[in-house]
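Just below is one structure, and these are the notes that go with it.
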């Protein structure tokens, strides 16, 4: 009975772990994530999380900026939040509320 329990507690997770490592190795070579041995090593030495790291990296291969709905700061905003100020991002050339206040102060002073 103890051997059966030990086989279940050790064997099943080990088979899953080696299976995920094998899937990462096979799939990395198939989709072009080079080198596949690197992804197998990451999946093997960082159990479970390494496989998710591989999946996230794999999903980046199919990114197409032409189909990205958020490209160019096109974000749908709920009408109740339309008057909120936006947070600036890198490369954002839009005016902020502070810039508008500075311009109105300059206009009042006659500059």
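Read through the list (1) at negative phi; (2) in contact with a helix residue (DSSP H, G or I) (Cβ under 8 Å, 6 or more places away or on another chain); (3) modelled with pLDDT under 90, then give the number of the only condition that residue 27 fails. So residue 27 meets the others, but not (3). In this entry, residue 24 passes the filter for residues that are in a helix (DSSP H, G or I), touching a residue at least 24 places away in the same chain (Cβ under 8 Å) and surrounded by 10 or more Cβ atoms within 10 Å (Cβ to Cβ). Could you check, for segment 40-62, whether at least one of its residues is modelled with pLDDT of 70 or more, in a loop (DSSP other than H, G, I, E, B), exposed (fewer than 10 other Cβ atoms within 10 Å of the Cβ) and under 22 Å from the mean Cα position of the chain (by Cα)? Checking segment 40-62: at least one residue is modelled with pLDDT of 70 or more, in a loop (DSSP other than H, G, I, E, B), exposed (fewer than 10 other Cβ atoms within 10 Å of the Cβ) and under 22 Å from the mean Cα position of the chain (by Cα).
The values are calculated or read from the model by the stated rules, or taken from the named source; none is laboratory data. Worth saying up front: this structure is predicted, and the values here are computed from it rather than measured. Counting neighbours? That spans all protein chains shown, and the Cβs are built from the backbone with ideal geometry, glycine included.
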